[in-house]
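The values are calculated or read from the model by the stated rules, or taken from the named source; none is laboratory data. This structure is a prediction, so every number in the text was calculated from the model and none was measured. Cβ placement follows ideal geometry from the backbone for every residue including glycine, while neighbour counts extend to all protein chains displayed.
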Amino acid sequence: MIRSMTGFGSAKGAFEKIEISVELKSVNNRYLDCSVKLPRVFSSFEESLKTLMQGFISRGKIEAYIAIDSSEADDIEIKINKPLVRAYVAALKSMAEENGLPAKINVTDLTRFPDVLQAEKRETDPERFRARICEILETALYSFNEMREREGRKLKQDISLRIDEIERLTTVAEEVSPRSVEEYRKKLEARMNDVLMATDIDEARILTEAAIFADRVAINEETVRLRSHIAQLRELLDCDEPVGRKMDFLVQEFNREANTIGSKGNDAEMSRIIVELKAEIEKIREQAQNIE
């Protein structure tokens, strides 16, 4: 499956009324570069989150933005200092008995004594919280990959069309090359006619010169290799693994063969074909740089 290196994905979730939102963005990069941006207090989660991301992407620069909103969380717990309450009640009863007073003890009054009620922040289990963030990040990664696959299908379609055009131009080059040899033979014969005038022309010499020229401008080896590269590129487009780096290398081979064919061509028609061929190869190179 061809995937683009650029993409976006997002997901939201909650943990004990703590809102968690994740956004993923990626751009082209020669290698894999993962970064996670989250509140400093949760920085210990960073490595495990990066490891999760690396299981979903093999090439590109990807950034994960993780926001934590605990404004709605009911993480405040009121605790009663029971030993202290019992001590206050005993003291009040003792005071009432010693002074012959009615022992009317009101709960509201007790809460006014220092340290009877204590507000504490409920602790969140860090491992469970990290696991929940990972679940939400994984959901975002699936969304992220779906977008990259959609872009990948467009890239594959475009590259396939350009491969077809390169194959067509290769065929045209193979047809044009022999014609240039025949034209060279005719020009050589005409020049020799002009030089030698009425003298008989050595036909064997012309044939020898034409054969030497034909060998020098033959493009058979280059077009065979070019067709082999075309077949390899089509196979890469159907692979289920990241192929961007392989495509980069293969496009260099395309260019090498095109340059060699161009150096052997000696007429306007072949030059035109090479210009078109190299233009299509360059467009594939640009698209391959977007592929994971």
inquiry  = Just to check your reading of the model, which residue among Glu120, Glu167, Glu175 is more than 30 Å from Ser35 (Cβ to Cβ) and either assigned to a loop (DSSP other than H, G, I, E, B) or at pLDDT below 80 (or both)?
reply    = Glu120
Residues satisfying the stated conditions in segment 3-39, i.e. out of contact with any Gly (no Cβ under 6 Å at 6 or more places or on another chain) and charged (D, E, K, R) = Lys12, Glu16, Lys17, Glu19, Glu23, Lys25, Arg30, Asp33, Lys37
key: Selection count where residues are of a type in the set (Asp, Glu) and over 15 Å from the mean Cα position of the chain (by Cα), scope segment 24-53   = 2
note = Exactly one of Lys50, Lys12 is more than 17 Å from Val243 (Cα to Cα), modelled with pLDDT of 90 or more and touching a helix residue (DSSP H, G or I) at 6+ places or on another chain (Cβ under 9 Å), and that residue is Lys12
inquiry  = If a residue must be more than 24 Å from Arg30 (Cβ to Cβ) and either free of Cβ contacts under 8 Å to residues at least 40 places away in the same chain or of a type in the set (A, V, I, L, M) (or both), how many such residues does segment 261-292 contain?
reply    = 12
message = Can you find, within segment 232-283, the residue that is nearest to the chain's Cα centre (by Cα) among those that are of a type in the set (Gly, Ala, Ser) and either buried (at least 17 other Cβ atoms within 10 Å of the Cβ) or at pLDDT 90 or above (or both)?
response = Gly244
request  = Hey, can you tell me all the residues within segment 15-52 that are in contact (Cβ under 8 Å) with a residue 40 or more places away in the chain, assigned to a strand (DSSP E or B) and of a type in the set (A, V, I, L, M)?
outcome  = Ile18, Ile20, Val22, Leu24
